[in-house]
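Chemist: First, the structure itself, so that you have it in front of you.
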Amino acid sequence: MKCSFYLDRPYNPEIDSEQLKKEITRSRSNGGKLNPKFYNPRPTSIYLFFTPDKRTRMKFRTSIKIHPKYWDFKLSTIKPAAPAALELNHELNVLADDVLKQASRLRDEKEMVTRAEYKDLVNRIINKNEVPANQEKLSVHVNQFMRFKYRQSTEGTMKEYRTVFSALSDYQKKFGLNMTLMDFNREFFHKYEEFLSKRKVNKKNGEIGLLNDTVAKYISSLKVFLSWSHREGHAVHPDALRPHKSAYKKKQYNEIVVLSEEEVQRILEYDFGSRTYLDRVRDLFCFACFTGQRYSDIMRFDKLDFKDNKWAFLSAKSKKKVTVPFNGFIAQALPILEKYDYELPKISNQKFNAYLKEIGKIVGIDEPVKITRFRGLNEVVIERPKYKFMSSHMGRRTLVTILLSKGVPITLVQKITQHSDIRTLMKYESANTDQLIDALDKL
């Protein structure tokens, strides 16, 4: 008895079948790499093959669809590079386990199980007809939500949601719970916040408890999921849809750590010698400092989007049209593009952030920086050399601060960054006091 999966109609139907066969055979001899143009451009269904015995084999269509370029034909799984791959593969594994367990139980109960009985069993498992909607496992709704989000979200956003749901899973394990959507009442939110505030978050230094800003972010993300479930017609506890009053409040304005214009130039001009990997990371970071764009959009830079000295593209996160004119301060990004012939290097965000801190240390971006956060009602003072705060997002923050310090109106800065709420930008006005000092000196 076994279960396996295969992808329906994975190849481009508009390409001649004989040519397809030749290309598939050629790709197998080249390590299995097939030119993407030969794959079906549309998402197709994943089917479950169920083999209860040697003489019987049945197939069932699952509710999961993916682009064929993301299917691993050797392992019959979704490739790790696919959006929401972790959640989708988990869902397929759970489905196969449920089928095998319930089919084995049925065979133990009956001496002879007919094909029709097996078919009915598997269909009920796939369609979840045996479980009332308001009693479905939370994981079912989470997987559906993640599949919905990955179509419109960046990998960074998907990673944040995975972290939130992982913490929720830890909460259920600790208290022996098997939650449903009806369990998200007022009492849950208060207990969950307390759990997060005491959760071990750093195994290396033994740090305990998430900071208030992070707790607030987890709750906010959880409420996005619950609101979506409600809109999908699932029964959700009314408390989950009401405003949540919390002791773990997010600070209205957090201290923002940015680089000065002099520090950016110091990094730009530093010679890393043979360490070309640091050279590439430095260029990407300075490009972010000069253009103010998110790392996800920089990684998607396309030469075709650059015309008439302007970079015009659709933001991966906000889905808004962004136009960055390469004039004045921003023009310093142009030599970086020319250096790579308008094909910027590609690197994962995690590696980028690690190498960036190494760059900051080498270049000497090491002045002490102190910021204040809260854990519950307790003040937490964090003091580190500035390079330890360096990350991909610092480039975006740095440009905003520099432009504001140069007197560029906040509404024009918003046109470049495309922040949806100008109040988000206003907090940057307090990050640099140069304008205040200049104004006082003139009195």
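Chemist: Suppose every Lys and Arg Cβ carries +1 and every Asp and Glu Cβ carries -1, with no other charges. What dipole size does the chain come out with about its Cα centre, to the nearest 20 debye?
Modeler: 1220
Chemist: In whole Å, largest first, what are the principal axis extents of the Cα atoms in region 68-164?
Modeler: Ordered largest first, region 68-164 gives principal extents of 51, 37, 18 Å.
Chemist: Tell me, Kirkwood radius of region 151-241 from alpha-carbon pair distances, in Å?
Modeler: 14.1
Chemist: If you average 1/r over all unlike Cα pairs in region 2-130 and invert the result, what Kirkwood radius do you get in angstrom?
Modeler: 16.2
Chemist: Quick check: Cα centre of region 373-416 to Cα centre of region 268-286, how many Å?
Modeler: The distance from the Cα centre of region 373-416 to that of region 268-286 comes to 22 Å.
Chemist: Tell me the angle of helix 115-127 to the major Cα principal axis of the chain, expressed in degrees between 0 and 90 and rounded to the nearest ten.
Modeler: Helix 115-127 sits at roughly 20 degrees to that axis.
Chemist: Something else: Among Ser318, Thr291, Ala331, whose Cα sits farthest toward the positive end of the charge dipole of region 261-441 (+1 at Cβ of Lys/Arg, -1 at Cβ of Asp/Glu, about the Cα centre)?
Modeler: Ser318
Chemist: Which three extents, in whole angstrom, do the alpha-carbon atoms of the chain cover along their principal axes, largest first?
Modeler: 95, 61, 38
Chemist: Using a cut-off of 10 Å between beta-carbons, work out the net charge of the residues near Ala84 (Lys and Arg +1, Asp and Glu -1, Ala84 not included).
Modeler: Its environment carries a net charge of +1.
Chemist: Hey, another quick one. With a bin width of 10 angstrom, please list the P(r) values of region 317-389 as percents of all Cα-Cα pairs, from the 0 bin to the one holding the largest distance.
Modeler: Result returned by the calculation: 15, 23, 36, 21, 6, 0.
Chemist: In units of 2.2 N^0.38 Å, what is the alpha-carbon radius of gyration of region 249-355?
Modeler: 1.14
Chemist: To continue, here is another question. Residue farthest toward the positive end of the dipole of the chain, with Cβ of Lys/Arg at +1 and Asp/Glu at -1: which of Asn309, Val215, Met158?
Modeler: Checking the options against the dipole of the chain, the answer is Met158.
Chemist: May I ask which residue of Leu403, Leu121, Ala167 lies farthest towards the positive end of the charge dipole of the chain, with charges of +1 (Lys, Arg) and -1 (Asp, Glu) on Cβ and the Cα centre as origin?
Modeler: Positive-most Cα among the choices belongs to Leu121.
Chemist: A further question on this structure: I want to verify the translational diffusion coefficient of region 139-203 in µm²/s; compute it with Stokes-Einstein, Rh as the Kirkwood radius over Cα pairs, at 37 °C and 0.692 mPa s.
Modeler: So the translational diffusion coefficient is about 249 µm²/s.
Chemist: Tell me which residues come under 5 Å, amide H to amide H, from Ile66 once H is placed; ignore anything under 5 positions away on its chain.
Modeler: Thr44, Ile46
Chemist: In addition: Return an integer: the convex hull volume of the alpha-carbon atoms of region 297-346, in Å³ per residue. Spell out each step's value before the answer.
Modeler: Values: hull volume 3.9 nm³, N = 50.
In region 297-346, the Cα convex hull volume per residue is 77 Å³.
Chemist: Also, I was wondering about something else. What net charge is computed for the residues neighbouring Ile24, neighbours being all others with C-beta under 12 Å from the C-beta of Ile24, Lys and Arg scored +1, Asp and Glu -1? Walk me through the numbers on the way to the answer.
Modeler: Working: positive: Lys21, Lys22, Arg26, Arg28, Lys33; negative: Glu18, Glu23.
Taking every Cβ under 12 Å from that of Ile24, the sum is +3.
Chemist: Per residue of the chain, what 222 nm ellipticity follows from adding -39500 (n - 2.57) for every DSSP H run with n ≥ 4, rounded to the nearest 500? Provide the component values of the computation, followed by the final result.
Modeler: Working: 16 runs with 203 residues, N = 443.
That comes out to -14500 deg cm²/dmol.
Chemist: How far is helix 186-198 tilted, in degrees, relative to the longest principal axis of the Cα atoms in the chain, given as a value from 0 to 90 rounded to the nearest 10?
Modeler: The helix 186-198 is inclined about 60 degrees to the chain.
Chemist: Take the alpha-carbon centre of region 224-242, take the same for region 22-69, and report the distance between them in whole Å.
Modeler: Value for the Cα centre distance between the two parts: 36 Å.
Chemist: Taking only Cα atoms, what is the 0 to 90° angle, nearest 10, from helix 212-231's long axis to the longest principal axis of the chain?
Modeler: So the helix axis and the longest Cα principal axis differ by about 40 degrees.
Chemist: For a footprinting-style exposure proxy, rank Asp8, Asp283 by other Cβ within 10 Å, fewest first.
Modeler: Asp8, Asp283
Chemist: With bins 10 Å wide starting at 0, give me the P(r) of region 261-441 over every alpha carbon pair, in whole percents.
Modeler: Bin by bin from 0 Å, the calculated values are 8, 35, 36, 17, 3, 0.
Chemist: Quick one: what are the phi-derived ³J(HN,Hα) couplings along region 378-383, Karplus 6.51/-1.76/1.60 with θ = phi - 60°, whole Hz, x for glycine and proline?
Modeler: My calculation for region 378-383 gives 8, 6, 10, 9, 10, 10 Hz in order.
Chemist: Order by neighbour count: Asp170, Asp108, fewest other Cβ atoms within 10 Å first, most last.
Modeler: Working: Asp170 13, Asp108 9.
In order of increasing Cβ crowding within 10 Å: Asp108, Asp170.
Chemist: In addition: Report the relative contact order of the chain, percent, no decimals, based on alpha-carbon pairs under 8 angstrom and at least 6 residues apart.
Modeler: 11
A short reminder: the numbers here are calculations on the coordinates, not readings from a lab. This structure is a prediction, so every number in the text was calculated from the model and none was measured. Reconstructed Cβ throughout: ideal geometry from the backbone, glycine too, with neighbour counts over all protein chains shown.
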